[in-house]
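Any read-out appearing in this document is the output of simple, stated calculations on the displayed coordinates, not a laboratory observation. This one's a predicted model, so the numbers in the text were calculated from it and none came from an experiment. Cβ sites come from the backbone with ideal geometry, for glycine too, and all protein chains shown count toward neighbours.
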Amino acid sequence: MRCKFAPATAFGILLSAITLCAQLQHPASWRGAGAIPCVGFDGGMYKCPPAPRVIAVRAGHLFDSKTGQMLTKQVVVLSGERITEVGPEGQIKIPAGAEVIDLRQATVLPGLIDAHTHMFNQRKPKGTTEDYMLIAVQNVQANLRAGFTAARDMTSHGNGYGDVAIRDAINRGELDGPRYQVSTLGIVWGDKPKDPSVPVNPLAPIVVRNVEEARAAVREEIGHGADWIKLYPTGAYSFTPDGKDQYVLTYPMPVLQALIDETHRLGHKTGCHVYGGEGQKNAIIAGCDTIEHAFGLDQEQANMIIAKGLYYDPTIVRYTEPYIDDNDEKNTGGKYRIIPIFERAVTMAAATKGMKVMVGSGADGATFVHGSQAQEFEWLVKRAGMTTAKVIQAGTMTNAEALGWQDQIGSVEKGKYADLVAVSGDPLADITELQRVKFVMKGGKVIKNEMAQGAPKT
């Protein structure tokens, strides 16, 4: 038999459907050597995953990401990959025979979400496709073990549609990693006519030069499996002689609007890499779903973001690292710095009522190491003035809403995926606790448990 799945198969049931299908169509080549195997999409056999189990997690403290409150003495019951019950230990009956995970000395939170990653390191000539695929696998596993059970990947850094392959392998259960939404190649502006003597690099961002090419590029990337379309409405920043920050405009407004409109027409979303200036304002006016970075964000633009229902993803650590000052020292002789301008923008945005601030790291294997993204939470508290509760909500519920997965992840609730993390201390008192995640569960599967007595430290 051959199993078929509609393109719109619900995310929540896809993996179960694939597993069931695999068990039903074991190959004729199997002759009884062990248990009936499952079959991969390529026809290869593998050991079937274990049957769904009932698990009860006892939580000494549980962060409610919908209210921002810390609850005490809670029980989370799950069957397979979904939460079936959650509430105070006096009200929730643990089913007979359930496996019990004791986290009564810990604080449990919903799985963290990183809204801006690059699972692939930047492609360089010396590496092969196989090299970079293996690096990406290592990176996504590091992210998961750090407590990020879901993520959005914002371009494959010159590695073509490799992020689609990684996302799909995770969804099929072939490797452990966060639940991903990916944006594949990205689309950039070409300000010069195409040189017919230069071959197109199929792994690099698509270059567009007019409205028709813009719409075609969106269709091509979505046709190859992109969840998001990554756009670049501004280029580099610099300073005028008197110290005013300025930014390079890329797409003309009609092209930017076409890119966003075509993406929305096809039921997808756009994320816009912007630093400031006219391109940044154009991105907001055109309705780009997430505004990324935005060094030169001002109050007027912040108000426009709120009015349009857009999201702001600052990636503050990535652009306050020492190399930024090194670049400014080189380019301005130390006279001007972008970091204070950026910090003021993020602080203003965080203080603006109604602003949907996301938590995205920009981790890319260059200056920001995969698995260390929880520093973003700390920086948003200490440099942008957000409260610890608000920043944890941003990295769970707000990010889930931006991804359109608010009914699946982002909080510990009945019916949602059993994506849980735990830390030893209280992250509301010390946000750096999120940099020391001790327990990770994704979809009911324990990925890491350093809380267990005698468990090896991994």
Rounded to the nearest 500, the 222 nm mean residue ellipticity computed for the chain from DSSP H runs (n ≥ 4, each -39500 (n - 2.57)) alone is -8500 deg cm²/dmol
Under Stokes-Einstein, the chain at 20 °C and 1.002 mPa s, with its Kirkwood radius over C-alpha pairs, diffuses with a coefficient in µm²/s of 92 µm²/s
Given the candidates N143, S411, W189, the one whose Cα lies deepest towards the positive end of the charge dipole of the chain, counting +1 at each Lys or Arg C-beta and -1 at each Asp or Glu C-beta, is S411
In degrees rounded to 10, the 0-90 angle between helix 253-265 Cα long axis and the longest Cα principal axis of the chain is 20 degrees
Computed over the chain: longest principal axis from alpha-carbon atoms vs helix 162-171 long axis, angle to nearest 10 degrees, is 20 degrees
One point scatterer per Cα, no solvent, Debye formula: log10 I(q)/I(0) for segment 69-221 at q = 0.12, 0.20 Å⁻¹ comes out as -0.68, -1.22
Long-range share for segment 270-419, i.e. C-alpha pairs more than 18 Å apart as a percent of all pairs, stands at 59 percent
Mean separation of Cα contacts under 8 Å (at least 6 apart) over the residue count of the chain, i.e. the relative contact order in percent, is 17 percent
Restricting to aspartates and glutamates and to Cα separations under 15 Å from K448, and discarding same-chain partners fewer than 8 apart, the set is D102, D176, D419
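Using 1/(1 + (r/R0)^6) with R0 = 30 angstrom and r between the beta carbons of A165 and D426, what's the FRET efficiency to the nearest 0.05?
Calculated transfer efficiency: 0.15.
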The Cα extents of segment 123-162 along the principal axes, largest first and rounded to whole Å, are 32, 17, 12
To the nearest 10 degrees, the tilt of helix 322-332 (Cα long axis) against the first principal axis of the alpha carbons of the chain is 10 degrees
Of the listed links K66/K353; K335/K356; K382/K414, those spanning more than 27 angstrom between alpha carbons are K335/K356; K382/K414
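Which of rounded, prolate, oblate describes segment 354-458, given a ≥ b ≥ c as roots of the alpha-carbon gyration tensor eigenvalues and a/c under 1.5 marking rounded, otherwise prolate only if a/b is larger than b/c?
Verdict is oblate for segment 354-458.
Over 32 Å between Cα atoms, which of K93/K442; K126/K390; K73/K230 qualify? Each step should come with its number before you reach the end.
Values: K93/K442 23 Å; K126/K390 43 Å; K73/K230 43 Å.
Result: K126/K390; K73/K230 exceed 32 Å.
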